[in-house]
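The block underneath contains the structure these notes are about, expressed in structure tokens.
The values are calculated or read from the model by the stated rules, or taken from the named source; none is laboratory data. Only a predicted model underlies this, so the values are computations on that prediction, with no experimental measurement involved. Methodologically, a virtual Cβ is constructed for each residue, glycine included, from the backbone with ideal geometry; neighbour enumeration extends over all protein chains shown. Only protein heavy atoms, including side chains, enter the accessible area calculation; ligands, DNA and RNA are left aside. Shrake-Rupley method; radii C 1.70, N 1.55, O 1.52, S 1.80 Å.
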Amino acid sequence: MKSNKSRRLPRWLWLLIGVVLLVSSIPAIVGWAQAPEGSTYLGVEWNMDDHAVYAAWMKQAQEGRMLFENRFTTDEQPGLTIHVYFWFLGTLSKVTGISVAMHLGRLLFTAFALIALFRLVSWLINDDTARLIAMTISVFGGGLGWMFWSRYGHEGPIDVWQPEAFLFPSVLTNGLFAASLWLILVVLNKMIAARDSWTPVVPGAIALLTLTNIHTYDTLLIALISVGWLVSMIVSGTANLAWVSRCVAMAAGALPAVGWFVYVRSIDPVFLERANTPTPSPPPISVLYGLLPLLLLAVVAMLADQSDDRIRIRWLPAVLFSAFLVTVIVTCTSMRSEDPYAVAPFMICFALAITVCATFKTRNVALGLVFAWAVVAIIAIYYPGLFQRKLGMMIALPYGILAGLGLALVISKIRSAPIRAVSVGAIVLALSLTSIRWIQRELEMIHDNVSNTTVHRVFLDKDSSEILRLLLIRRAEGEVLLARPGVPVRLGDDKYDVAIPDLNPILTGWAGVKTYAGHWSETPRYSERREELSRSLFNPQTATLDSIREMIKKSGASYIVLPVQQELAAYVVSLEAFVGVSHEVLYKGETFALLYIE
């Protein structure tokens, strides 16, 4: 299977794209179709609060802004965030609305990403059947998470709860991940193509600039992968100064976005707090379980050198890779228990990763790239920075590509075409069980009307929808809203309901108001402010007229959303608690009331 770049897109690729777009849209179709009368389906089940951040940027784009502020806090800030993806979707949402625009962006960039993935696979694999196998496994492949499944939490194999590490869960849950994946693949394809020409440099630089703007840490991931790839190509004798120079010129495209990031971080304390939110990576054993089936098939591709259509065994890279995995598991497990951001253990493991790349000699530069991606990605997620887990973006993809190549090599030895087809189908289905469970979970959350955060409902009820409508009509720029932070109810093992939904991020995102305690990473000192807001304004055991007035004054609130169900009296003060505060009741329903502070 020789390296080949095909410009023609085969029919099966369009069919695969259609299947992915349709299947990944099933939850949204069901959600909009089953929305109760008078309710609002926001189009999101997974990480509702993060999508509220996206909605807040899109809302500002609707208002004609290019420089975005953080509306999940009342702190002073210069408002210098640039995000071209959500600016584009926000502009589109002037016509479609925010939720529909999110899904249109997801569909569009999923299609782009799959075409770019086909381009990468075509550099690597010449046989069309093998390409189809590699593409299918890359898209749907997962690990052992389906055996350790849970609907809530961040425990177990990463394919249970970390969508950005896998292709299908990414495009199922988040359009930003689809756009970022497309740009990553465009950059990698252009780096390969730059071996022979300067032509790919400019489009590659533009793609890298855009990627650095919309998903900054992916650029660091590409840089780490490139080190391993370069070493592999030098040892293989395929690298040359002209090629390296072109790639360096392409990398310069990221500098304006990096410079702007550093500048804003230096002058905006709110942005700095957000950037410094710790996101530690999971234990290495969770990563291993999340990749194991793909990894085992990938080893077949690592072992086989198909030079001149002959398969010769390359034991050294596979043996060293196995030893490297053991080292990462032992070292990074110990590192997590002591200091999850320790520098020395990471540098040792990274040096071992580069050594493994150096043993992988191949004239196929795309194969060298994918191998380096697979090796370096395992250690990249333990980079000594607060943003560790963000470097897990598409960690499974190179293993999916290699697993497809490995499976194609194995089934090529089966002479019977029917047996080959059945074998491939059974293996692909087994590898796709986690992706199937992701769809199942999305549908379960829609049925139960509880998002995975456990404090947000999938559907805004009639009263919340009416409050959203009123705010869209009345809200003036900079006005602040206070709502009761969410209260989950645990019904049993892996089963939740929502006693009080947290409307703070929802109304910030879709209505454009500011909030005092709106989001776990966007709001500085979120836990402290959440507790303060609950204690001072809503808790019937601690809130007093003085504390209510002080909270309103401190936050500059113009609106208060108050739950009014009688059965929630233990959680929330009654409407009578605001008798001593000058206000107007703009709306009062069965579940919520909206107060305007005069």
| Which value, in debye to the nearest 20, describes the size of the charge dipole of the chain about its Cα centre when Lys and Arg Cβ atoms bear +1, Asp and Glu Cβ atoms bear -1, and nothing else is charged? | 2460
| query | Taking the Cα centre of the chain as the origin and placing charges on Cβ (Lys, Arg +1; Asp, Glu -1), which of T279, G509, V300 is farthest toward the positive end of the dipole? | reply | V300
| Rounded to the nearest 0.05, what FRET efficiency do L470 and V19 have when you use their Cβ-Cβ distance and R0 = 41 Å? | 0.50
| How many nm is it between the label spots at I82 and D448, if each spot is 7 Å from the Cα in line with the beta carbon? | 4.3
| message | With +1 assigned to the C-beta of every Lys and Arg and -1 to the C-beta of every Asp and Glu, and no other charges, what is the dipole magnitude of region 439-479 about the Cα centre in debye, to the nearest 20? | response | 100
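Charges only on Cβ, +1 for Lys and Arg, -1 for Asp and Glu: so what's the dipole of region 49-162 about the Cα centre, in debye to the nearest 20? Don't skip to the end; give the middle numbers.
Numbers: 8 positive and 10 negative charges, 77 e Å.
Computed charge dipole of region 49-162: roughly 360 debye.
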| query | Between P10, T73, I98, whose Cα lies farthest towards the positive end of the dipole of region 1-106 when Lys and Arg beta carbons carry +1 and Asp and Glu beta carbons carry -1, centred on the Cα centre? | reply | P10
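What length, rounded to one decimal in nm, is gained on full extension from R11 through to L586, with 0.36 nm per residue of separation minus their alpha-carbon distance?
Values: separation 575, 0.36 × 575 = 207.00 nm, distance 5.64 nm.
Net length gain for the segment: 201.4 nm.
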| remark: The answer for A499, listing residues at least 5 apart or on another chain whose modeled amide H is closer than 5 Å to its amide H, is V487, V489
| query | Per-residue accessible area for K94 at 1.4 Å probe radius, Å² rounded to 10? | reply | 120
| Computed over region 462-598, Cα set: Rg, Dmax in Å | 14.2, 45
| said: Tell me the angle of helix 84-96 to the major Cα principal axis of the chain, expressed in degrees between 0 and 90 and rounded to the nearest ten. | reply: 60
| field | Karplus 3J(HN,Hα) series, Hz, for region 502-510 with 6.51 cos²θ - 1.76 cosθ + 1.60 (x for Gly, Pro) | value | 7, 8, 4, x, 5, 6, 5, x, 8
| message | Given a Förster distance of 25 Å, report the FRET efficiency between L255 and M66 from their Cβ-Cβ distance, rounded to the nearest 0.05. | response | 0.80
| query | Can you give the accessible area of D127 in Å² (nearest 10), computed on protein heavy atoms with a 1.4 Å probe? | reply | 70
| field | Selected from F324, G580, Y496, residue furthest toward positive end of dipole (the chain; charges at beta carbon) | value | F324
| message | Going Cα to Cα from K495, which lysines come in below 27 Å? Please leave out same-chain ones fewer than 8 positions away. | response | K462
| Taking a spot 7 Å from the Cα of I285 along the direction of its beta carbon, which residues of region 333-360 have an amide N less than 12 Å from it? | 333-334
| field | Straight-distance crosslink candidates among lysines, where the alpha carbon sits under 19 Å from K94 and sequence neighbours closer than 8 are dropped | value | K59
| query | Once every DSSP H run of n ≥ 4 in the chain is given -39500 (n - 2.57) and the sum is divided by its residues, what mean residue ellipticity at 222 nm do you get, rounded to the nearest 500 deg cm²/dmol? | reply | -18500 deg cm²/dmol
| request: Pull up all non-local amide H partners of T81: gap of 5 or more, or a different chain, and H-to-H distance under 5 Å with H placed in the peptide plane. | output: F68
| message | In Å², and per residue, what accessible area does the chain have when probed at 1.4 Å with the other protein chains present? | response | 39
| field | Separation in nanometres of the label points that stand 7 Å from Cα toward Cβ, at N276 and K495 | value | 4.3
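Near S582, within a Cβ-to-Cβ distance under 11 Å, what is the net charge of the other residues, with Lys and Arg +1 and Asp and Glu -1?
Its environment carries a net charge of -1.
Test of understanding: what is the full-extension gain from Q541 to T96, defined as 0.36 nm times their sequence separation minus their Cα-Cα distance?
Details: separation 445, 0.36 × 445 = 160.20 nm, distance 4.43 nm.
Length difference between fully extended and current span is 155.8 nm.
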| remark: Burial-style ranking of 171-180, 244-253, 342-351, average other-beta-carbon count within 10 Å with highest first, yields 171-180, 244-253, 342-351
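With Cβ to Cβ distances under 13 Å as the rule, what net charge do the other residues near L460 carry (K, R +1; D, E -1)? Walk me through the numbers before you get to the answer.
Working: positive: R457, K462, R469; negative: E37, D461, D463, E466, D502.
Net of charged neighbours comes to -2.
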| query | How much accessible area does Y85 have with a 1.4 Å probe, in Å² rounded to the nearest 10? | reply | 10
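Based on the Cβ-Cβ distance from S197 to D128, what FRET efficiency comes out when R0 is 35 Å, to the nearest 0.05? Kindly include the intermediate steps, with their values, before the conclusion.
Values: r = 26 Å, r/R0 = 0.73.
The calculated FRET efficiency here is 0.85.
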